[in-house]
1. Do you know which residues across the stretch 43-83 are under 16 Å from the mean Cα position of the chain (by Cα) and not in a helix (DSSP H, G or I)?
2. Given the conditions (1) farther than 23 Å from GLN40 by Cβ; (2) out of contact with any helix residue (DSSP H, G or I) (no Cβ under 6 Å at 6 or more places or on another chain), report the number of the one that ILE185 does not fulfil.
3. Check VAL159 against each of (1) closer than 27 Å to VAL28 by Cα; (2) touching a strand residue (DSSP E or B) at 6+ places or on another chain (Cβ under 8 Å) and name the one condition it does not meet.
4. Check ILE178, ILE185, ILE107 and return the single one that is touching a residue at least 40 places away in the same chain (Cβ under 8 Å), crowded, with 20+ Cβ neighbours inside 10 Å, over 24 Å from GLY89 (Cβ atoms) and not charged (D, E, K, R).
5. Quick one: HIS143 ticks every box in (1) surrounded by fewer than 17 Cβ atoms within 10 Å (Cβ to Cβ); (2) assigned to a helix (DSSP H, G or I); (3) of a type outside the set (Asp, Glu) except a single one, so which number is it?
6. Out of the stretch 106-135, which residues are outside any helix (DSSP H, G or I), at pLDDT below 95 and over 16 Å from the mean Cα position of the chain (by Cα)?
7. Which one is farthest from VAL64 (Cα to Cα) among residues in the stretch 95-105 that are assigned to a helix (DSSP H, G or I) and either aliphatic (A, V, I, L, M) or touching an Asp or Glu at 6+ places or on another chain (Cβ under 6 Å) (or both)?
8. For HIS165, work out the one condition from (1) more than 14 Å from the chain's Cα centre (by Cα); (2) more than 16 Å from LEU74 (Cβ to Cβ) it doesn't fulfil.
Amino acid sequence: MTDDSTSHGTPLPIEIMRALRGQKREPVPEHQRIFSHGLQFHEAALRCLETGADATFLPTQSTVLLALTVELYLKAAVSSEGGAAQAGGHRLDKGFERLSAPLRDEIVRQYKDRCGRDAMEDLVSFSPIFVKFRYSYELQGAHSVDLTSLGHLAASLYVVWITRHPEACARDVLSRRITSPDQGIPIFR
């Protein structure tokens, strides 16, 4: 085993090796760190929707992860405009209201184009999802979430972000999955 490999002899990606060696890197702006974190949750949410021989379909977990993704994308946008990212808690509609009017308009338009729905209404109705569904075993009675629209909201925020920050675009396969017109449905592998 060499210094640059795992215990299985597989080479580690260069960015991991740099981090392990403690090489200095330029500080990453807060909005980029938040967006990157949201992108990781977005990918995890999509993986929860995979089904097949080696995948488990986890719609509740995907719902929680998509709600968190939307929250993080909104916080990244607030931070990119100079606002305090942590303010607003989990209320998606409150985070959205903190954005500039041109950015809000862009998100509303993107969401309407994707799924024909009203972004502000859905932000209000989606606001309690993260808090409510992360402990779904505590829920009483029937509960439902429009997972397709929640997926489109996350995708809309992603598209608006990469339009403004093209360097943040996810790798090709992930970006295609995020921007697919088919959101919130099982992904067959």
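The values are calculated or read from the model by the stated rules, or taken from the named source; none is laboratory data. What you are looking at is a predicted structure, and each value in this text was computed from that prediction instead of being measured. With ideal geometry, Cβ positions are generated from the backbone for all residues, glycine too; neighbour counts draw on all protein chains shown.
1. LEU49
2. (1)
3. All conditions pass for VAL159, except number (2).
4. Result: ILE178 is the single residue among ILE178, ILE185, ILE107 that is touching a residue at least 40 places away in the same chain (Cβ under 8 Å), crowded, with 20+ Cβ neighbours inside 10 Å, over 24 Å from GLY89 (Cβ atoms) and not charged (D, E, K, R).
5. Of everything listed in (1) surrounded by fewer than 17 Cβ atoms within 10 Å (Cβ to Cβ); (2) assigned to a helix (DSSP H, G or I); (3) of a type outside the set (Asp, Glu), HIS143 misses just condition (2).
6. Let us first name the residues in the stretch 106-135 that are outside any helix (DSSP H, G or I), namely 116-118, 127-128, 134-135.
From the residues that got through so far, the ones that are at pLDDT below 95 too are 127-128, 134-135.
Selection gives PRO128, TYR135.
7. Across the stretch 95-105, the extreme among qualifying residues is ALA101.
8. HIS165 satisfies every listed condition except (2).
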